[in-house]
C-alpha cells in the first residue's frame, strides 16, 4: 500500500506541471476574467509545491551543495527572463523594475528565508549549527555583489540619477559574473566541505547519514519536471501580474510593490524547500539556498541585463534609495553577527524576520 501511495503521489506531481503549462498556454497574452484568475492562482500554488518536490528529489540525488545550487540557478534564470520580458513591455515605468526585483530577492533570501529557517530549526532543535566558514564566505559575496551593483549606481556621477554609464555597467556585469563563478567553484570544487550540513558537534555530515537516494533515472525525470514547473510558475506569475498590479493600485500601494510581489512568488519554491530542510535540522542546506539564491539573483541578473540593455530602450536604474541602502547595510551587519558563531537560536531568526517585516512595510509605505 505504501508503494502504491508513493506511486500515486509521484504521478500527481508529474501531472501538475503539465496542467500548469496547458493553463499558461491557454491564458498567455489574454485578458482573463476574475474566475480564471482564481483558478490560475490555484494552479500556480500547486506548481510551486511540485517544483519543491522535484527539487528535493534532485538535491537528494546529487547531494549538497549541488542540490541547493540547482534550484537557486534554475529559479534565477527564469527570474531574469521575467524581468527582461516585463521591461520590454513596460516602457519607462519599468526602468526600476530590475532594481526593485533584485533588491527584493536579496531581502527575501537573506532575511526572510534565512530568518524563517533559523526560527523553525531552533524551535524544534534548540540551538542550530552550521558551517560558519562557508556561510560567511557566501554572505561576503552577497554583500560585495549588492554594493557593486545596487549601491554604487546611486553615488556615481557619470549619469544623472541612479544609473551606470555604459562602461560602468560593463564593469559591474563582468565583476558580478566573475565573483559568482568564483563562489560556485569554491562551493562545489575547492572547499565543498564548507557547505555540507553539520552534526550537533559541528562535524560535516556525509551522504551516508541519509536515506537511500533516488536512482539517476528518477532524478533526471524530476530535473525535467522541475524545469517545467519553474517555467510554469514564472509564466503564470506573469499572467497574474496584471491582476496583481490592479490589486496593488486599488489598495493605494506604490507601483514598485509589484516587483516585490513577483519576487515573492518566484522565490516561493526555495522558501518552502529551505523551511523543509530546517525542520529536518538541515540548516546548512537552508542557508545554502538562501545565500545561493541571493548571489544568483545579482550575479546572473546584472550581466544578463547589461547584454539586454543593448536592445532594450528602457533606462536601467539600478541604484538603491537611501532607505533601501540603510536596510541593506543593517542586513549585512546582522548577517555577520549571525554567521560568525556558527550556531544560532530563535533570537537570530526573529531578528532577521523583523528586518524582513521592516522591508515589506517600507515597500508598502515608503
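Taken together, the values in this text are just the output of simple stated rules run on the coordinates, not laboratory data. Owing to the predicted nature of the structure, the values given are computational and were not obtained by experimental measurement.
Let me have the 222 nm mean residue ellipticity of the chain computed from DSSP H runs of 4+ only, each contributing -39500 (n - 2.57), with the sum over all residues rounded to the nearest 500.
-24000 deg cm²/dmol
Could you compute Rg(Cα) / (2.2 N^0.38 Å) for the chain, with N its residue count? Provide the component values of the computation, followed by the final result.
Numbers: Rg = 20.1 Å, N = 366, 2.2 N^0.38 = 20.7 Å.
Rounded to two decimals, the normalised Rg is 0.97.
Does segment 315-366 come out rounded, prolate or oblate, given a ≥ b ≥ c as the square roots of the eigenvalues of its C-alpha gyration tensor, rounded meaning a/c under 1.5 and, failing that, prolate meaning a/b above b/c? Please list the in-between numbers first.
Details: a/c = 3.52, a/b = 1.81, b/c = 1.95.
Cα axes put segment 315-366 in the oblate bin.
Under the Kirkwood approximation applied to all pairs of distinct alpha-carbon atoms, what is the hydrodynamic radius of segment 229-322 in Å?
Values: mean 1/r = 0.0639 Å⁻¹.
Result for segment 229-322 stands at 15.6 Å.
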